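Report on the structure given below.
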């Protein structure tokens with residue numbers, strides 16, 4: 001006798017997807033053009049950089065850690081690229097350097113967290129200040145990227161034309177590819193599963209012979225890479241770099257991860273969910289822009305309420321599954 | 001030849017010597033029991049052998065070679081598989097993952113083969129005769145199943161030495177039997193097994209040899225058949241057999257009961273416990289007996305106001321009361337020492353003194369503080385009274401052994417001067433000597449007029465200590481025995497139904 005049971009672990013992610021469709025439906029009902037494919041595509045274009053950053057944050061949170069350096073790394077890499085291009089460097093060299101710095105910085109943070117058993121919150125807080133400051137050393141003001149051959153190539157030749165004036169921009173493709181890779185990595189590789197194990201119970205993971213230190217450092221390295229890549233995408237998206245950009249973006253990333261159904265204490269959730277977390281954030285923003293009458297800061301209020309609702313839901317689910325295993 | 005050998009292993013934790021030069025050897029094809037009281041250093045020794053901690057001095061030889069494992073994974077690669085004390089698994093991952101994580105079957109491209117993982121997990125469980133849905137989260141199964149999953153994981157690798165640290169503490173009788181069958185089978189296959197347990201019967205049921213540790217030192221290794229049980233206990237606690245007999249005989253039940261302290265009529269909570277009557281008099285020790293999950297702890301939680309009751313009434317000293325929070329119960333002079341002292345009891349990073357102070361301070365409110373001197377005097381008093389083994393009251397409680405931690409918890413509640421003391425599994429996971437001391441202590445408290453509710457899964461203790469026993473089955477009261485009717489046979493009969 002087999003009864004169909006909806007597994008508890010799919011509840012949060014299902015709720016996220018449901019919220020996404022509800023918000024989308026509200027938009028379609030309220031505004032004429034909301035349902036058009038262009039709006040949907042723009043959602044991806046406008047949030048590609050955030051989405052990439054969220055992937056790194058999601059992995060870090062799955063280990064039970066946190067990364068506060070995300071926004072600063074984005075700002076730093078975008079201004080670094082803009083400055084290098086402005087002073088005559090090849091854009092590809094600039095991008096490669098930016099990514100390398102992101103990787104190295106993430107690795108350093110992971111190493112500090114693991115080797116000295118320092119709290120991730122504090123290490124990445126220090127990292128946040130440090131790299132934000134570095135951005136201002138590079139340039140105190142915003143620098144535009146004009147007539148760069150590489151950027152033009154990305155803009156014009158790497159865009160897939162879907163017809164009817166719709167374009168699949170390269171940054172969206174990058175986001176989708178990184179997302180798919182991260183989903184696959186987290187579900188189907190030993191390192192990916194180790195991330196979950198550490199977040200679930202670090203002591204048990206150690207005793208089960210999982211390479212905890214290596215996995216943690218790797219995770220923060222990936223997060224550093226994601227932040228730097230988000231910075232590159234951001235530079236491409238805005239065609240500029242600015243050391244002031246993305247202040248507090250790490251909080252949006254954390255919110256997206258929570259709304260995406262990942263437990264802040266680690267071990268539970270899906271990278272896939274972070275896609276919907278980002279899309280929900282983007283949709284609310286779009287909705288308010290469409291309306292035009294409401295103050296755009298209402299986005300924040302709604303996001304705040306949503307995060308709270310998801311925390312309550314997860315709390316409830318944790319309690320239910322606990323009492324279930326107790327009653328057996 | 002010995003498969004595993006340790007020579008002069010020493011280990012220091014923050015100035016405390018946990019192991020003082022231990023020589024220990026295990027042969028292939030034997031089940032070797034490692035015995036000792038809590039704090040004797042068994043778990044520490046295991047953790048050094050398997051590379052969780054480095055040794056301060058001494059060396060470990062495995063398969064004739066000196067080994068310095070730096071992690072459990074290292075040890076596993078060499079052929080040592082371990083199931084550590086307490087279930088150390090990943091509750092939010094599936095059973096299959098818990099068995100296979102770190103060594104998942106992979107496809108040619110190096111990615112995890114999910115189907116094969118399930119097959120591998122099922123195979124590992126089949127070795128223990130378990131058939132469960134391996135795709136479910138581990139946390140959806142009982143602790144007993146989780147324990148067996150941990151063992152299945154340990155057996156899933158090619159190992160020569162299997163270490164089982166307290167594998168039976170959460171298993172019922174049949175599961176223990178199954179486990180022993182497997183252990184014997186593995187022994188025949190030539191595997192060496194180190195077996196740690198608190199249950200003395202189990203030691204003799206499966207072990208070939210017994211090694212005893214006391215206070216971090218080796219007492220000796222013996223053939224199981226040449227070591228009478230009473231002598232083993234004597235060696236474990238460092239007393240002669242005669243002294244132990246005296247200790248056990250020293251438990252004298254109090255027979256003078258006063259007025260009713262607490263009475264509950266038909267208290268219950270839907271889905272937790274069916275309505276039940278509970279009453280207890282001054283100086284009386286009331287036992288709650290039943291299997292795990294029969295509703296023992298649930299009654300305690302309702303009395304103490306942790307869980308609200310949705311039926312019935314209660315009176316305390318003749319006055320009608322209704323506790324909807326533990327604070328109210330504490331004010332009415334009830335104390336509960338809860339089941340899992342690690343989770344609900346001790347605050348590991350506070351000192352013994354501070355741990356003892358907690359409940360008293362909470363009941364006084366934060367404004368009426370005690371001076372440091374008063375606190376120290378109080379800690380000193382209880383350390384002496386309960387014979388807590390510690391250099392001073394300023395020691396952090398996490399450095400004490402399980403039995404001594406339990407005593408600190410009892411001290412914490414005694415400090416509030418309760419009329420009704422509820423002890424939920426006070427003797428779980430503590431050693432023989434400390435058990436006897438705690439049993440004697442409850443008798444002493446009863447003699448002073450305190451009412452004690454005693455919950456234990458070890459029926460011998462309940463029978464030995466209690467004046468009246470309420471027997472529970474499937475969240476229902478199924479009977480009550482008192483006075484001379486209390487015997488192991490009678491209680492068992494009621495439990496079995």
Practice item. Determine if segment A:313-325 includes at least one residue that is modelled with pLDDT of 85 or more and either under 24 Å from residue A:40 (Cβ atoms) or away from every other protein chain (no Cβ under 14 Å) (or both). Key: no
Exercise for review: Take segment B:398-429 and flag every residue that is more than 25 Å from residue B:449 (Cα to Cα) and touching a strand residue (DSSP E or B) at 6+ places or on another chain (Cβ under 7 Å).
Suggested key: B:399
Exercise for review: Take segment B:479-488 and flag every residue that is in a loop (DSSP other than H, G, I, E, B) and surrounded by fewer than 15 Cβ atoms within 10 Å (Cβ to Cβ).
Suggested key: B:487
Revision key, fill the gap. The condition from (1) modelled with pLDDT of 85 or more; (2) more than 23 Å from residue B:452 (Cβ to Cβ) that residue B:300 misses is numbered (2)
Check your understanding: Which residues, taken from segment B:445-461, are out of contact with any helix residue (DSSP H, G or I) (no Cβ under 7 Å at 6 or more places or on another chain) and modelled with pLDDT under 85?
Key -> B:457, B:458
Check your understanding: On the given criteria, is residue A:124 touching a helix residue (DSSP H, G or I) at 6+ places or on another chain (Cβ under 7 Å) and within 21 Å of residue A:75 (Cβ to Cβ)?
Key -> yes
Exercise for review: For segment A:34-57, enumerate the residues that are in contact (Cβ under 8 Å) with a residue 12 or more places away in the chain, surrounded by fewer than 19 Cβ atoms within 10 Å (Cβ to Cβ) and farther than 24 Å from residue A:72 by Cβ.
Suggested key: A:34, A:37, A:38, A:39, A:41, A:42
Point to revise | Top-ranked residue of segment B:106-121 - restricted to ones that are in a loop (DSSP other than H, G, I, E, B) and surrounded by 15 or more Cβ atoms within 10 Å (Cβ to Cβ), ranked as nearest to the other protein chains (Cβ to nearest Cβ) | key: B:111
Revision key, fill the gap. Of the residues in segment A:193-234, those that are within 8 Å of chain B (Cβ to nearest Cβ) and either outside any helix (DSSP H, G or I) or crowded, with 19+ Cβ neighbours inside 10 Å (or both) number 14
Exercise for review: Answer yes or no: is there a residue in segment B:174-184 that is within 14 Å of chain A (Cβ to nearest Cβ) and out of contact with any helix residue (DSSP H, G or I) (no Cβ under 8 Å at 6 or more places or on another chain).
Suggested key: no
Check your understanding: Does segment B:334-354 include one or more residues that are assigned by TED's automatic domain parsing to the domain that holds residue B:428, more than 24 Å from the chain's Cα centre (by Cα) and either part of a loop (DSSP other than H, G, I, E, B) or surrounded by fewer than 14 Cβ atoms within 10 Å (Cβ to Cβ) (or both)?
Key -> no
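May I ask you to say which residue of A:137, A:176, A:183 is assigned to a helix (DSSP H, G or I) and more than 30 Å from residue B:107 (Cα to Cα)? Give the derivation first.
On the way: A:176 fails: more than 30 Å from residue B:107 (Cα to Cα); A:183 fails: more than 30 Å from residue B:107 (Cα to Cα).
Only one candidate qualifies: A:137.
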Study note, to complete from the structure: Out of (1) touching a helix residue (DSSP H, G or I) at 6+ places or on another chain (Cβ under 7 Å); (2) within 14 Å of chain B (Cβ to nearest Cβ), the one residue A:277 does not meet is (2)
Exercise for review: With a cut-off of at least 1 residues that are under 27 Å from residue A:188 (Cα atoms), name the strands (runs of 3 or more DSSP E) lying wholly within segment B:49-95.
Suggested key: B:80-83
**Study point:** Meets criteria (in the same structural domain as residue B:85 (by TED's automatic domain parsing), out of contact with any helix residue (DSSP H, G or I) (no Cβ under 9 Å at 6 or more places or on another chain) and modelled with pLDDT of 90 or more) for residue B:221
**Key:** yes
Study note, to complete from the structure: Note on segment B:76-96: residues at the interface with chain A (Cβ under 8 Å from one of its Cβ atoms) and under 13 Å from residue B:49 (Cβ atoms) are B:76, B:82, B:84
**Study point:** Any chance residue B:362 is crowded, with 21+ Cβ neighbours inside 10 Å and either closer than 30 Å to residue B:392 by Cα or more than 25 Å from the chain's Cα centre (by Cα) (or both)
**Key:** no
Check your understanding: From the set of residues in segment B:131-153 that are more than 10 Å from every other protein chain (Cβ to nearest Cβ) and out of contact with any helix residue (DSSP H, G or I) (no Cβ under 6 Å at 6 or more places or on another chain), which is surrounded by the fewest Cβ atoms within 10 Å (Cβ to Cβ)?
Key -> B:131
Point to revise | Qualifying positions in segment A:88-134 - closer than 30 Å to residue A:155 by Cα, without any contact (Cβ under 8 Å) to a residue 12 or more places away in the chain and not in a helix (DSSP H, G or I) | key: A:88, A:89
Practice item. Go through the residues of segment B:398-408 one by one and say whether even a single one is without any contact (Cβ under 8 Å) to a residue 60 or more places away in the chain and more than 20 Å from residue B:465 (Cα to Cα). Key: yes
Review point. Does residue B:5 fit the bill of being in contact (Cβ under 8 Å) with a residue 24 or more places away in the chain and surrounded by fewer than 16 Cβ atoms within 10 Å (Cβ to Cβ)?
Key: no
**Study point:** Among (1) under 30 Å from residue A:306 (Cα atoms); (2) away from chain B (no Cβ under 14 Å); (3) at pLDDT 95 or above, the one test that residue A:79 misses
**Key:** (1)
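The values are calculated or read from the model by the stated rules, or taken from the named source; none is laboratory data. As the structure is a computational prediction, the values presented were derived from the model and not from experiment. So basically every Cβ, Gly included, is an ideal-geometry build from the backbone, and we count neighbours across all protein chains shown.
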